[in-house]
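See structure below.
The values are calculated or read from the model by the stated rules, or taken from the named source; none is laboratory data. Just so you know, these numbers come straight off a predicted model, no measurement behind them. Every residue, glycine among them, receives a Cβ derived from its backbone with ideal geometry; neighbour counts consider all protein chains shown. Just the protein is used for accessible areas: all its heavy atoms, side chains included, with ligands, DNA and RNA removed. Shrake-Rupley method; radii C 1.70, N 1.55, O 1.52, S 1.80 Å.
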Amino acid sequence: MPPSVSLRRRRTLPTVLLAGSLLLGGLLTAPAAAGLADAAAATTAVRVNQVGYLPDGPKRATVVTTSSSALTWQLRSASGTVVASGSTVPRGADTPSGQSVQVADFSSYQETGTGYVLSVDGSTSDPFDIRAGLYDGLRSDSMAFFYHQRSGIAIESSLVGSAYAHPAGHLGVAPNKGDTSVPCQSGVCDYTRDVRGGWYDAGDQGKYVVNGGISTWLVVNSFERARRAGTDAALGDSTLRVPERGNGMPDVLDEARWELEFLMRMQVPDGKPYAGMAFHKVHDAAWTALPTRPDQDAQVRELHRPSTAATLNLAATAAQCARVYRPYDAAFADRCLAAARKAWTAAQANPAMYAPDSDSTGGGAYGDTQVSDEFYWAAAELYATTGESAYRDAVTSSSWHTSAGAFTPYGFGWADTAALGRLTLATVPNGLPASDLARIRSSVTSAADGYLSTMAGQGYAVPIPKDGYFWGSNSELADNAVVMAVAGELTGDARYRAGVLEAMDYLLGRNALGRSYVTGYGETSSHNQHHRFWAHQLDASLPNPPAGSLAGGPNSGLQDPVAQEKLAGCAPAACYIDDIGSYSTNEVAVNWNAPLAWLAAYAAERTSGGGEEPTAACAVTYKVDNAWSDGFTATVTVKNTGSTAVDGWKLTWSYPGGQRVTNAWNATVAQSGADVVASDAGWNGKIAPGASVSFGLQGSLSGSNPSPTAFSLNGGACS
Ligand code: 9MR
Ligand code: 9MR
């Protein structure tokens, strides 16, 4: 029944959570415990988005302090000049973090630049930028995560650099024993299936239809939303590091297709028992050790019993595919639609084949015994795509169509998918009666209002409640931010966009631990996430996770041995450790990077209002002077095309191909993820009108070396 939904995610940790809440009560009266110990461990008491802020967005910081009266904040530019100042607002005890905090709001400062810091109470924040292009690098890196996670294809150094390249995993080449001819678990089927391809789920190499479904939906939805907004060119062909660049298909859809093809391979073939259903999952018979590179996994792979939930994930995503891919590849859209219809029919015939929680040897369970929400989601996608009355009736007769529980404070998720159906019905033109549509849309905006009010009640402005720090909490709040973004689209109300951007602030450093949960973004960022190949912490010859990888985040359930040993007594929002062994707080996963990529693409968009990149009077040439197999040198020339002198400059760009600057001359160059900031060397800081300065750099790469195309000078876009 719908009302039970918010309890389902809690099911995995009821007792621990209860203990956590009791402890929390104690913490607030005895603030010297875990919360403040964590605060001390962070680099600074002034918590900011370590990447930065958009010029027209909210700009808030949280300060951990024992002071109960307002303090003075000062914003300093890179040269040390105080450019703005004001008073903080004391917030007192912040329950989720167990910290006493104050909030500094410098939103009214809208100048652009790099290297700002905020000082309060004798502490200084990590440096940050204020500029419109802030999220361009993350848009690309967070989406590249999916290419890295591809199974059944070699990961090319020309696209991701030599450290991340590896041979194809699970293509039937020894020692792999899959995925080209995979048997079922005993008693499930008497044949084998070719289930190559798809994305590995997370740090493990399982492939799960249930979790693949929500991840695919979000990636495709990110494109569908951008197309409505008229900003889809940013996700179009040749915008991302995918091998299909240049094929005429938007790159985001190329990436999602890799998973869609896998999801369709998981459908039970005609003529077999349960034809049309989807196998729940395919993974190793026993857990592999860390590290294990995908192509070196010697375990037997097995198909697990078909489930209704998996079948409806296939129906929903294949129906969405049929709608979104049609303009680019009608034959593929037809194939998706046929698979979706067949899956729907099979799920109706087998409505209660539940995947059990106990099936977690060698792979995750993704158990779910409540599938009416998956029925609603699949019906909504099929109806939005086909307009057919049978699917409309399935939508309108579902209890989820009217339930107040479709959106919960804890976010939608792999087990809670009714919200996905609502988001589609609210945004994709369809034939529901106007009153019905109005009700659906207002359910989106009232959910978003709830998230905004949850944020307003917290010192760190997190759109999940204090008892919401479950496994993958970062995805809960990211998913809630997706809902806020859609509410903004439906209403034009700017408060929702502000809420989305503050959720990004949380992920990128304005949080209880003063840490960015996204690898490569921010001064203090997670880089030891649980992963079988990006296992640098265990084997120095292996890489850390690539830039743009999101950690699961604080989990008050402490569901792994490292968390249990190191985090006992933590306040909910501080129950996190950047250790490869802590899979319950620090894994990566496709259903977590998917909302990150969705939000990064949204945040990277130039809005029609004040978010438009201001123009600067400059022209930049970027010339590759020399390139070899894994490196290059380049000369960058900046010309002042305006009529006033430039006095001190910072030039920013994003590398589209994973290049990394290793060395520079005549400028100081810093890189975070794909984003590069080049600052003058002091003596060459002045550029007279009509004059130019040049600097040189050396970088690393493997294979292709696409030149950056967009440059900003002191925060303004050059022509
Ligand atoms: O590596 C696994 C990770 O992907 C899962 O999220 C997690 C929970 O299912 O399990 C991890 O595997 C561990 C297993 O559960 C217990 N033995 C140690 C495994 C590696 O740390
Ligand atoms: O994201 C999943 C979380 O909701 C569950 O509580 C947890 C334990 O069942 O499993 C998480 O999913 C993991 C999956 O089981 C195996 N691959 C890694 C996933 C992320 O940790």
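Pairs needed: first member in segment 612-638, farther than 20 Å from Thr652 by Cβ; second member anywhere, at pLDDT below 90 and not in a strand (DSSP E or B); C-beta distance under 6 Å; at least 6 residues apart or different chains. Short answer, once both residue conditions are applied: Ala627/Asn705; Asp630/Ser702.
Considering only residues in segment 189-206 that are in a strand (DSSP E or B) and within 27 Å of Asn593 (Cα to Cα), the one that is nearest to ligand 1 (Cβ to nearest atom) turns out to be Ala202. When Val693 is tested against (1) touching a Phe, Trp or Tyr at 6+ places or on another chain (Cβ under 6 Å); (2) in a strand (DSSP E or B), just one condition goes unmet, and that condition is (1). Filtering segment 421-473 to residues that are charged (D, E, K, R) and closer than 30 Å to Asn586 by Cβ leaves Lys466, Asp467.
Residues of segment 59-71 that are closer than 18 Å to Ser516 by Cβ and either open to solvent by 10 Å² or more (accessible area, probe 1.4 Å) or not assigned by TED's automatic domain parsing to the domain that holds Ser85 (or both): Arg60, Val64.
Matching residues to (1) more than 21 Å from Gly271 (Cα to Cα); (2) in a helix (DSSP H, G or I); (3) in contact with an Asp or Glu (Cβ under 9 Å, 6 or more places away or on another chain); (4) open to solvent by 10 Å² or more (accessible area, probe 1.4 Å):
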{"site": "Asp295", "(1), (2), (3), (4)": "yes, yes, no, yes"}
{"site": "Ala315", "(1), (2), (3), (4)": "no, yes, yes, no"}
{"site": "Met353", "(1), (2), (3), (4)": "no, no, no, yes"}
{"site": "Ala378", "(1), (2), (3), (4)": "yes, yes, no, no"}
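One residue alone among Ala256, Ala285, Ala278 is open to solvent by less than 50 Å² (accessible area, probe 1.4 Å), closer than 15 Å to Gln205 by Cβ and either among the hydrophobic types (A, V, I, L, M, F, W, C) or in contact with a helix residue (DSSP H, G or I) (Cβ under 6 Å, 6 or more places away or on another chain) (or both), and that residue is Ala285. Out of the residues in segment 30-55 that are among the hydroxyl-bearing types (Ser, Thr, Tyr) and open to solvent by less than 50 Å² (accessible area, probe 1.4 Å), which is modelled with the lowest pLDDT? Residue satisfying both the conditions and the ranking: Thr44. For segment 186-206, the criterion of being buried (at least 24 other Cβ atoms within 10 Å of the Cβ) and farther than 26 Å from Ala289 by Cα is met by none of the residues.
Against the numbered list (1) within 25 Å of Leu567 (Cβ to Cβ); (2) assigned to a helix (DSSP H, G or I); (3) of a type outside the set (Val, Ile, Thr), Pro465 comes up short only at (2).
A quick yes/no check of all residues on (1) within 19 Å of Ala104 (Cα to Cα); (2) open to solvent by 10 Å² or more (accessible area, probe 1.4 Å):
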site: Leu452; (1), (2): yes, yes
site: Tyr469; (1), (2): no, no
site: Glu476; (1), (2): no, no
site: Asn511; (1), (2): yes, no
site: Thr524; (1), (2): no, yes
